[in-house]
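Got a structure for you, written out below as structure tokens; questions coming shortly.
The values are calculated or read from the model by the stated rules, or taken from the named source; none is laboratory data. Please read all numbers here as calculations on a predicted model, not as lab measurements. Here the Cβ is made from the backbone with ideal geometry for all residues, glycine too, and neighbour counts use every protein chain on show.
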């Protein structure tokens with residue numbers, strides 16, 4: 001059985017967040033920003049991973065919704081880091097946006113909201 005693209009992308013994103021946080025620490029970025037970004041960015045993949053071991057459809061949807069909230073928060077922190085000139089690379093924001101779209105689509109599919 002092949003690995004879910006959402007699981008793969010969210011794990012890659014988490015690893016990129018960790019790498020970015022190391023660079024931000026070296027650049028003497030505010031610790032509070034780094035900590036919040038690290039927590040939210042790694043939480044996306046953790047919740048996606050947990051969703052695949054959910055106890056039924058409602059639990060699956062709930063975990064994906066939590067991942068979506070964490071993804072949205074990560075997007076906010078990335079935007080702040082870009083706008084404050086701590087981060088120049090917009091690829092992380094693009095990854096986050098892609099994961100957010102996949103999560104929204106997955107939630108809608110799981111809820112049966114396909115149109």
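So residue 100 ticks every box in (1) under 12 Å from the mean Cα position of the chain (by Cα); (2) exposed (fewer than 15 other Cβ atoms within 10 Å of the Cβ) but one. Which box is left unticked?
Unmet for residue 100, out of (1) under 12 Å from the mean Cα position of the chain (by Cα); (2) exposed (fewer than 15 other Cβ atoms within 10 Å of the Cβ): (2).
Any residue at all in segment 66-76 that is at pLDDT 95 or above, surrounded by fewer than 14 Cβ atoms within 10 Å (Cβ to Cβ) and more than 25 Å from residue 23 (Cα to Cα)?
no
Identify the residue in segment 11-32 that is crowded, with 16+ Cβ neighbours inside 10 Å and more than 16 Å from the chain's Cα centre (by Cα) and, among all such residues, is farthest from residue 87 (Cα to Cα).
29
Could you please tell me which pairs satisfy a Cβ distance under 7 Å, a separation of 6+ or placement on different chains, a first residue in segment 56-75 that is at positive phi, and a second residue that is modelled with pLDDT of 95 or more?
none
One line per residue, one yes/no per condition, for (1) within 29 Å of residue 2 (Cα to Cα); (2) free of Cβ contacts under 8 Å to residues at least 60 places away in the same chain:
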{"residue": "22", "(1), (2)": "no, yes"}
{"residue": "31", "(1), (2)": "no, yes"}
{"residue": "36", "(1), (2)": "no, yes"}
{"residue": "46", "(1), (2)": "yes, yes"}
{"residue": "84", "(1), (2)": "no, yes"}
{"residue": "90", "(1), (2)": "no, yes"}
{"residue": "106", "(1), (2)": "yes, no"}
{"residue": "109", "(1), (2)": "yes, yes"}
